[in-house]
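Following: one structure in structure tokens, then a few remarks.
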Amino acid sequence: MQGGLTTTKATINERPELVTKMIRVTQRSLRLIRADRKYAVEFIKGPYLDLGKDRDRFADSIYDAALQYYLQTGIVDEKVQRKMIAVAAQRVKPKELPPHERVFDFSFASRVADSFK
């Protein structure tokens, strides 16, 4: 399972405050999901998914399965970054893999995470 935020260099350069705000709200959401299981499970049971008659059991299972992927800061380590690049490269087949620093920029996420401490 992968998820993430993307933007352009132009947005990063011209509107860094927007990037910071988006990352802040994302990190706050991740923290809420991790900290308040009952809230998150109730959200899962909401009108967005048809979970049938076993709604409670499925919502709990979905939460448990997904929780491991919800990183509190949203920052993945270099090893995972390289794996993600390799998976994407299987589809686009570049001549050589780009360095992870060219694909990922966690500087905003790191600053926001530090502000929560």
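For the reader, a short list of remarks on this structure follows.
- Pairs meeting the criteria (first residue in the stretch 83-99 and under 16 Å from Gly3 (Cα atoms) and touching a residue at least 24 places away in the same chain (Cβ under 8 Å), second residue of a type in the set (S, T, N, Q) and in a loop (DSSP other than H, G, I, E, B), beta carbons under 7 Å, at least 6 apart or on different chains) are Met84/Gln2.
- The stretch 90-117, residues that are surrounded by 14 or more Cβ atoms within 10 Å (Cβ to Cβ) and farther than 20 Å from Thr26 by Cα: His100
- Residue tally, condition among the hydrophobic types (A, V, I, L, M, F, W, C) and surrounded by fewer than 15 Cβ atoms within 10 Å (Cβ to Cβ), over the stretch 1-29: 6
- Selection from the stretch 22-62 of residues that are out of contact with any helix residue (DSSP H, G or I) (no Cβ under 8 Å at 6 or more places or on another chain) and touching a residue at least 24 places away in the same chain (Cβ under 8 Å): Thr26, Leu30, Arg31
- Within the option set Ile33, Ile62, Ile44, being under 25 Å from Ala109 (Cα atoms) and of a type in the set (A, V, I, L, M, F, W, C) holds for one residue only, Ile33.
- Flag for Phe108 being part of a helix (DSSP H, G or I), hydrophobic (A, V, I, L, M, F, W, C) and under 25 Å from Lys21 (Cβ atoms): yes
A short reminder: the numbers here are calculations on the coordinates, not readings from a lab. If you're wondering where the values come from, they're calculated on a predicted model, not measured in any experiment. Cβ coordinates were reconstructed from backbone atoms using ideal geometry, including for glycine residues, and neighbour counts include every protein chain displayed.
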